[in-house]
Amino acid sequence: MIKMKTVVFAAMGLSASLSIFAQTDSIKETDRFIKAGGATAQAVAQTSLQTKSALDAYNALLQGNSKDMKGDYKKLQNAQKDMNNHVADTRKTVDEMDKQAGVYFAARSEAIGQIQDLTMRDQAKSRLEASKMAYDNVKTSLKSAGDALAPFTKDLSDHIKYLGAELTPSAAASLKPQAETLNKQGETLFAQADGAVTTANKYFATLRAE
């Protein structure tokens, strides 16, 4: 009888330990997830900013009043390099965020499984599903913004190459019709990126412990 009680108490102790472990693991994964999400939002914001900087440098050359076209073109090339580097980094951070999301939601689900009260467990599951849906929207927004910036940077790079082939005021002036279209596209993409970053920051703020 004593042995039986010992086994029962040991089992209860193990169950409690597993429950605490699941809760602690969930908290750790939440912090990692928030960090990965913040890094992704920042990457999209930086890519948008660097792309806008390159576009601004390009537009400055097209104005036709540059006193040092070679020097200004060099600045444009540097801005282009920074822009391309950020585009590549954004893709990596989105993938890393999504991997961490999988770990986070798995840890959270495991912690919910330790809840004995069925009503509370169902309530927690409903909140988990809502959080997953909200995350899917965040991921789609950030990925779409990053993916949309990539072809835009390629188009801008073509404009920059065009100027490099003939760095003269007349060559710059000849690009103005295409530049007008490019700038309109840029306005739309920059607004899209800002919206995606805002959506992401709001979502991850809801996961952060006060």
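Values in this text are rule-based calculations from the coordinates and carry no lab data. This structure is a prediction, so every number in the text was calculated from the model and none was measured. For neighbour counting, all protein chains shown are included, and Cβ atoms are generated from backbone atoms with ideal geometry for every residue, glycine included.
Take the conditions under 30 Å from residue 159 (Cβ atoms) and not in a helix (DSSP H, G or I) and apply them to residue 66. Does it pass? Please lay out each step first, then the result.
Numbers: under 30 Å from residue 159 (Cβ atoms): yes; not in a helix (DSSP H, G or I): yes.
In short, yes.
Scanning segment 36-78 for residues that are of a type in the set (Ser, Thr, Tyr) and crowded, with 21+ Cβ neighbours inside 10 Å yields a total of 5.
Out of the helices (runs of 4 or more DSSP H) lying entirely within segment 101-210, which hold 2 or more residues that are within 16 Å of the chain's Cα centre (by Cα) and surrounded by 15 or more Cβ atoms within 10 Å (Cβ to Cβ)? Before you say what the answer is, go through the steps one by one.
Working: elements: 118-165, 169-174, 176-207.
Where helices (runs of 4 or more DSSP H) fall fully within segment 101-210 and carry at least 2 residues being within 16 Å of the chain's Cα centre (by Cα) and surrounded by 15 or more Cβ atoms within 10 Å (Cβ to Cβ), they are 118-165, 176-207.
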